[in-house]
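Heads up: the structure comes next, in structure tokens.
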Amino acid sequence: MTANETSRIEEYYNFVLPLIKESGKLFLEVKKETLEVENKSDHDLVTIYDKKIEDTLISKIKAEFPHHRFIGEESSGTKHGTPTLTDDPTWIIDPIDGTTNFVKDIPFTGISVGLVIEKIQVIGIIFIPHLNDLYTAIKGRGAYMNGKKISCSNVQDIKKSLFCYEISVASRSALFKLILTRLQFLTKEVLAVRSFGCPVISLCYVASGKLDAYQCDGLYPWDAAAGTLIVKEAGGYVIDSSGEEFDLMKPNFIATSTKTLAEKYLAIEKIADNTWMKKETDL
Ligand code: IPD
Ligand code: CA
Ligand code: CA
């Protein structure tokens, strides 16, 4: 990374942090009864707030830093084609993660903003307005919740691990059998299973040691850009669900407190995946 960009990371962070906190106030204004909700698809909701928050963040950051680029769910989502990540400073934004929770007035919903420079994740900020929880990380400087340093748990034993699995993605037919079979195999191996419908909070909960593992396949860069950096800066481990290196532009991953734990999960999932794939070929 150029010395100039490295020296400006803190300036970028200090500029964007108050904008995110300001946008969070909108979460608390929403009246469930009068909120207009649209279906992007049968299982995907959007509100005017998603677009409003993303547009505000992008326009304010662009006015201050005209050389920056943006990948946001509402402006670069799937209907706009696959977003390309260049070496330029790029803000990756999910204005509301957990929109279904937001619509249903469940407090597990938040804003996620990550900055990537030369394809390296350098800033991660997640704000959960209903809980007034702010999770932050700058590469190489640790992870924080409301200004206090956080760290992942040290759990290595799968039987002692609290596992959060994004089961809502099973609504996609391509993932249905994979998710449910893995769940069938993993449920009996772990302490317990959770699913919050909000990847960004789930990642913050791994980073702060509340959860020991979080996994989701089929996510998008905006779901993972801030949270995976926060986990890594909290001492955690993030790997692609295939066992390959994590790819921010195609996030299928498991984030765990320790590498050993991730390896145990992936070994069980390999058996689960082979089981349903074998059944498919036997049909
Ligand atoms: C979605 C939610 C959901 C997950 C989807 C995400 P959104 O994000 O986090 O739980 O299953 O894959 O896209 O639309 O609420 O930002
Ligand atoms: Ca999301
Ligand atoms: Ca969203």
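The values are calculated or read from the model by the stated rules, or taken from the named source; none is laboratory data. In this text the structure is predicted, and so the values were computed from the model without any measurement. In this analysis, Cβ positions are derived from the backbone assuming ideal geometry, glycine residues included, and neighbour counts consider all displayed protein chains.
Any chance the range 74-90 includes a residue that's over 18 Å from the mean Cα position of the chain (by Cα) and buried (at least 20 other Cβ atoms within 10 Å of the Cβ)? Yes, the conditions are met somewhere in the range 74-90. Can you spot a residue in the range 179-197 that is more than 16 Å from ligand 3 (Cβ to nearest atom), within 16 Å of the chain's Cα centre (by Cα) and not in a helix (DSSP H, G or I)? Yes, there is a match, as at least one residue in the range 179-197 is more than 16 Å from ligand 3 (Cβ to nearest atom), within 16 Å of the chain's Cα centre (by Cα) and not in a helix (DSSP H, G or I).
Yes/no matrix, rows are residues, columns are (1) more than 16 Å from ligand 2 (Cβ to nearest atom); (2) farther than 24 Å from Leu19 by Cβ:
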| residue | (1), (2) |
| --- | --- |
| Trp91 | no, no |
| Ile96 | no, no |
| Glu118 | yes, no |
| Ile128 | no, no |
| Ser153 | yes, yes |
| Gln156 | yes, yes |
| Leu178 | yes, yes |
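Among the residues of the range 27-41, not a single one is farther than 30 Å from Ser171 by Cα and among the polar types (S, T, N, Q). Per this entry, Ala262 is not counted among residues that are among the small types (Gly, Ala, Ser) and either in contact with a Leu (Cβ under 7 Å, 6 or more places away or on another chain) or farther than 30 Å from Thr90 by Cβ (or both). Across the range 209-229, the qualifying residues are those that are modelled with pLDDT of 95 or more and among the small types (Gly, Ala, Ser), and the one among them that is nearest to Asn154 (Cα to Cα) is Gly209.
The residues in the range 162-171 that are closer than 21 Å to Thr99 by Cβ and away from ligand 3 (no atom under 16 Å from the Cβ) can be counted, and the count is 4. Residues of the range 213-230 that are out of contact with any Asp or Glu (no Cβ under 8 Å at 6 or more places or on another chain), within 12 Å of ligand 1 (Cβ to nearest atom) and of a type in the set (A, V, I, L, M, F, W, C): Ala224 alone. Just a yes or no: is a residue in the range 84-94 more than 13 Å from ligand 1 (Cβ to nearest atom), outside the structural domain of Lys250 (by TED's automatic domain parsing) and at pLDDT below 95? Yes.
Residues that are without any contact (Cβ under 8 Å) to a residue 40 or more places away in the chain and of a type in the set (Val, Ile, Thr) occur at least once in the range 165-173.
Taken over the range 156-178, residues that are under 21 Å from the mean Cα position of the chain (by Cα) and not in a helix (DSSP H, G or I) amount to 7.
Restricting the search to helices (runs of 4 or more DSSP H) fully inside the range 29-140 and requiring at least 1 residues that are closer than 27 Å to Ser195 by Cα and basic (Lys, Arg) gives 48-64.
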